[in-house]
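In what follows, a single structure is set out as structure tokens and then discussed.
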Amino acid sequence: MLRNDPTFNRLPQGEQQHLVRQLNDVNKMPDQQRERRLARAEALEHLPAEDRMRVNRSAREWTTLPPERQAMMKNAFRDLRSVPPDQRGMVLNSSRYQGQFSPQERGILSDLLRVEPYEAPKP
């Protein structure tokens, strides 16, 4: 389908190959992971441009953190996915999270969680 899309065909060859690889990678994911990835992309697409830039900036900032901080944040992010979206801010501002993460780290988590779909806790 992509190859028949005129917009896709106007992209540089390298970008076309990159998009096809990404699509193949998404198609190989387990159903639940694929659905979460697509829901995240959909949520990101519906954000105002300024908010989208903030989420992208926070994703880049995450990669600049020391590996041990990234690991801690990854665990927190995984835990916070199971918190209903309207309660995530309250949890991030709790004394537990304030003691564990810097304001910058909590801001990164907050920004990235804006587009992360809710995942009900597993029994």
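The values are calculated or read from the model by the stated rules, or taken from the named source; none is laboratory data. In this text the structure is predicted, and so the values were computed from the model without any measurement. Virtual Cβ from ideal backbone geometry, glycine too; neighbours counted across all protein chains shown. SASA here: full protein model, heavy atoms, side chains in, ligands and nucleic acids out. Shrake-Rupley method; radii C 1.70, N 1.55, O 1.52, S 1.80 Å.
So here's what we get for this one:
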{"quantity": "Selected residue [at pLDDT below 90 and either under 30 Å from Met1 (Cβ atoms) or open to solvent by less than 100 Å² (accessible area, probe 1.4 Å) (or both)] from Leu109, Leu47, Leu65", "calculated": "Leu47"}
{"quantity": "Odd one out for Arg37 among (1) closer than 30 Å to Asp5 by Cα; (2) touching a helix residue (DSSP H, G or I) at 6+ places or on another chain (Cβ under 8 Å); (3) modelled with pLDDT of 90 or more", "calculated": "(3)"}
{"quantity": "Some residue of the stretch 72-89 being open to solvent by less than 40 Å² (accessible area, probe 1.4 Å), outside any loop (DSSP other than H, G, I, E, B) and free of Cβ contacts under 8 Å to residues at least 24 places away in the same chain", "calculated": "yes"}
{"quantity": "When residues of the stretch 1-44 are limited to those that are over 22 Å from Arg81 (Cβ atoms), hydrophobic (A, V, I, L, M, F, W, C) and in a helix (DSSP H, G or I), the one least open to solvent (accessible area, probe 1.4 Å)", "calculated": "Phe8"}
{"quantity": "Filter pass, Ser94 being exposed (fewer than 14 other Cβ atoms within 10 Å of the Cβ), modelled with pLDDT of 95 or more, out of contact with any strand residue (DSSP E or B) (no Cβ under 6 Å at 6 or more places or on another chain) and of a type in the set (Ser, Thr, Tyr)", "calculated": "yes"}
{"quantity": "Criterion violated by Val55 - all others in (1) free of Cβ contacts under 8 Å to residues at least 60 places away in the same chain; (2) under 27 Å from Lys122 (Cβ atoms) satisfied", "calculated": "(1)"}
{"quantity": "Residue in the stretch 47-63 that is among the small types (Gly, Ala, Ser) and under 14 Å from the mean Cα position of the chain (by Cα) present", "calculated": "yes"}
